[in-house]
Amino acid sequence: MISTEKRKRKSRFSLIELLIVISIIAVLAGLLLPALNAAREYAKASVCMSNLKQLGLCSFQYSADNGDYLLPHTQNKGLVYWFQILIRSGYLGKENWPGPGFDAAGNFKGVTISKGILRCPSRSEVPTEEKFIYGTDYGMTRWIGLYYDGTEPQKYLFRLGEARMPGYTVQLGDRRLTVNQIWAEEGNYHPRYIVRHRNCANFLFLDGHTARIEYKKIPCSGNVNSPNDYAFWGRRDRMNQWRTK
């Protein structure tokens with residue numbers, strides 16, 4: 001018969017066996033971690049898409065109540081922005097605004113956080129020059145509604161029914177943080193650090209659907225010759241030249 005002492009020694013892991021087990025666990029963790037990270041980011045991107053969908057419903061309700069006019073980009077010469085208009089008008093709940101109540105001038109500067117459906121869960125720390133975020137992680141296309149005092153009005157879409165290709169024209173989406181727009185359609189390429197969803201960005205279109213678009217497929221002068229000829233940006237004065245690809 002095997003003695004009690006021998007059975008105890010036999011049941012113990014040797015140091016080599018323990019190291020082998022630890023190594024196997026480490027390898028498995030290394031294999032699973034990217035998949036877990038991808039799943040986590042997919043979930044965040046889905047929440048972001050849901051946020052845009054809800055903002056789109058608010059915007060379309062505004063249009064329905066205001067003679068089909070699109071939600072303005074800004075009012076009062078740029079002092080009041082689209083999301084403030086939604087909150088002040090009751091289309092968007094005040095719980096989504098991180099700052100104090102609005103003053104008569106619509107002053108909201110100094111708000112450096114976002115919350116509720118105005119926050120993209122995938123937004124992380126960004127370079128110092130991008131810290132000022134206006135209280136929202138989403139922006140509106142420049143040529144939708146009305147920007148500042150309406151200079152160059154021939155370029156702006158004012159009514160929802162004016163858009164010839166609403167399924168290809170963006171209204172809201174992920175944006176850079178120092179300006180209250182989605183992107184600038186001029187320039188070589190858009191800032192890489194705001195393509196938050198695994199090299200993609202989320203957008204809401206004028207027909208109400210949302211989509212995730214790969215970085216290199218977003219029209220700008222870095223990847224197409226004439227980005228303003230694309231329905232994506234909604235330039236009314238270019239509608240005769242609008243295309244989708």
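The values are calculated or read from the model by the stated rules, or taken from the named source; none is laboratory data. Because the structure is predicted, anything quoted here is derived from the model rather than measured. Using ideal geometry, Cβ is built from the backbone for each residue, glycine included, and neighbour counts are taken over all protein chains shown. For the accessible areas, the whole protein counts, side chains as well, though only heavy atoms, and no ligand, DNA or RNA atoms are used. Shrake-Rupley method; radii C 1.70, N 1.55, O 1.52, S 1.80 Å.
Here are the numbers for the structure shown:
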item	result
Residue match in the stretch 205-228 (condition: within 16 Å of LEU160 (Cα to Cα), in contact with a Gly (Cβ under 8 Å, 6 or more places away or on another chain) and part of a strand (DSSP E or B))	yes
Lone unmet requirement of (1) surrounded by 18 or more Cβ atoms within 10 Å (Cβ to Cβ); (2) in contact with a Lys or Arg (Cβ under 9 Å, 6 or more places away or on another chain); (3) modelled with pLDDT under 90; (4) under 25 Å from LYS53 (Cβ atoms) for ILE218	(2)
Which listed residue is aliphatic (A, V, I, L, M), open to solvent by less than 20 Å² (accessible area, probe 1.4 Å), free of Cβ contacts under 8 Å to residues at least 40 places away in the same chain and under 27 Å from GLN61 (Cα atoms), from ALA201, ALA231	ALA201
Search result, residues across the stretch 71-102 that are under 18 Å from the mean Cα position of the chain (by Cα) and in a strand (DSSP E or B)	TYR81
Output for the stretch 51-64, where each listed residue is open to solvent by 50 Å² or more (accessible area, probe 1.4 Å) and small (Gly, Ala, Ser)	ALA64
Counted residues, the stretch 75-101 - those being more than 15 Å from GLY135 (Cα to Cα) and touching a strand residue (DSSP E or B) at 6+ places or on another chain (Cβ under 9 Å)	1
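Here's the yes/no breakdown for (1) at pLDDT 70 or above; (2) open to solvent by less than 50 Å² (accessible area, probe 1.4 Å); (3) over 30 Å from ARG212 (Cα atoms); (4) β-branched (Val, Ile, Thr):
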position: LYS8; (1), (2), (3), (4): no, no, yes, no
position: PHE13; (1), (2), (3), (4): no, no, yes, no
position: ALA26; (1), (2), (3), (4): yes, no, yes, no
position: LEU32; (1), (2), (3), (4): no, no, no, no
position: ALA35; (1), (2), (3), (4): no, no, no, no
position: ALA38; (1), (2), (3), (4): no, yes, no, no
